[in-house]
Amino acid sequence: MRTKSQAKTSPSAASRAKASTSKALRSPVPAGRVKGDESDSEVTLSQLRPDGQRMIEEARLLRFRNRTTHRRYTIEFDIPEFTCLCPASGFPDFATLHIKYVPKDWCVELKSLKLYINQYRNKGVFHEDVCNVVLDDLIKLLDPWEMEVVGDFSVRGNIKTVIRAAHRHPEA
């Protein structure tokens, strides 16, 4: 059994574990520096990540060839964090967009779709136009067999809005 003086001078198992853990978590590279950087200079966030705002502003929809044209299949996307601005009030609108299509010769590249959709966050646009413009842009890009865009908008002024816009290829 330890005396009071021994308890004060010898570290407990918990404090030893805490000390070894904090040593293990310490980075060998000082904060604000990049490991392996030969100049060992200070860096800012803009040097560590791409400029997301610029990427969104410059985004355009991209496509790639459908590699399974011998079969018709469905591709579905849910975009739960869609935002735009109400053109009448300037207040933000929030929605989940659902995009569903049957590709013909082309498929949409997902990162380009994400950046394209994010362009709406600062646009004043009516709910009906969101779904129809997205549908028109994707039809122009992909010429799919079938496509549907559904905008499930959050309640605003005690009214919930769901917009459906659909397309069917003339040869389908």
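Quick note: the coordinates plus some simple rules give every number you see, no bench work behind them. Everything quoted here is computed from the prediction, not taken from an experiment. Every residue, glycine among them, receives a Cβ derived from its backbone with ideal geometry; neighbour counts consider all protein chains shown.
When the GluC sites (Glu not before Pro) in segment 57-109 are filtered for DSSP coil states and for at most 16 other beta-carbon atoms within 10 Å of their beta-carbon, the remaining sites are Glu58, Glu109.
Restricting the calculation to Cα atoms, every distinct pair contributes to the Kirkwood radius of segment 61-168, found to be 14.3 Å. Each label point was placed 7 Å from the Cα along the Cα-to-Cβ direction; for Glu81 and Met55 their separation is 1.2 nm.
Restricting segment 77-172 to trypsin sites (Lys or Arg not before Pro) that sit in a DSSP loop and have at most 10 other Cβ atoms within 10 Å of their own Cβ leaves nothing.
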